1. Calculate the spin-label point distance for Leu158 paired with Leu3, positioning each point 7 Å from the Cα along the beta-carbon direction, and give it in nanometres.
2. Sum up the charges of everything whose Cβ sits under 13 Å from the Cβ of Ala154, counting Lys and Arg as +1 and Asp and Glu as -1, but leave Ala154 out.
3. Applying a 10 Å radius around every beta-carbon, put 26-34, 119-127 in order of their mean neighbour count, most first.
4. Classify segment 126-197 as rounded, prolate or oblate from the Cα gyration tensor: take a ≥ b ≥ c as the square roots of its eigenvalues, call it rounded if a/c is under 1.5, otherwise prolate when a/b beats b/c and oblate if not.
5. In what sequence, largest accessible area first, do Val73, Val108 appear using a 1.4 Å probe?
6. Which of rounded, prolate, oblate describes segment 1-59, given a ≥ b ≥ c as roots of the alpha-carbon gyration tensor eigenvalues and a/c under 1.5 marking rounded, otherwise prolate only if a/b is larger than b/c?
7. Near Met31, within a Cβ-to-Cβ distance under 14 Å, what is the net charge of the other residues, with Lys and Arg +1 and Asp and Glu -1?
Amino acid sequence: MSLDPLALVTAFGLIFLAELPDKTMFASLAMGTRMRPLYVWFGTSTAFLVHVAIAVGAGSLIGLLPDWIVRLVSALLFAFGAFMLLRGGGDDEDEEGAAKTVTGFWPVYTTAFMAVFISEWGDLTQITTANLAATNGTLSTAIGAAAALMSVSALALLAGRFIARRVPLKTVQRIGGLCMAGLAIWSLVEAVSAFTG
């Protein structure tokens, strides 16, 4: 395995651009306004690394899972995230209690990891990574794709932190919850389309 700088840059550019408008970026942004951003980044980054390894090592594995099941589980996870965010939008005592439930490295890490791990199955970036690995080499593609996905997650979390400093927490939680609810509906529609299509 040799490192090809052109293949690395190609993978980074394509995956970065494909992930920017993706629902995972918006989920990272929403989680980053509610939970400790660094912990969220570790969780999302680990999930991305696992997906890159799967895509590079065995891209055809995605075809073994029924697409509608993947989308349905993704919808349920987003719905759970929306519930957690909207539940914390009450009075100040509720906010403090809700904030305590999502602190700590492992709860935040696990939530972020599972949200990304489930929702990225069969995603455009995973398919693109598998295709690039087949044509441009595995090592360069893996490094470029992982760097792109982790960069988009960091960008979303920085934006979430910036927003959280300038907008009241209740407002951020409600907007984040509504975004997660929208992502849950979107994933549910995708699940129904995949099931009936």
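The values are calculated or read from the model by the stated rules, or taken from the named source; none is laboratory data. Just so we're clear, the structure is a prediction, and the values are computed from it rather than from any experiment. Neighbour counts are summed over all protein chains in view; Cβ atoms, including those assigned to glycine, are modelled from backbone coordinates with ideal geometry. Side chains included, ligands, DNA and RNA excluded: accessible areas come from the protein's heavy atoms. Shrake-Rupley method; radii C 1.70, N 1.55, O 1.52, S 1.80 Å.
1. Using points 7 Å along Cα→Cβ, the separation is 2.3 nm.
2. 0
3. Per-residue mean Cβ counts within 10 Å order the peptides as 26-34, 119-127.
4. Oblate.
5. The ordering from most to least exposed comes out as Val73, Val108.
6. Judged from the Cα gyration tensor, segment 1-59 comes out prolate (a/c at least 1.5, a/b above b/c).
7. Local charge sum for Met31: +4.
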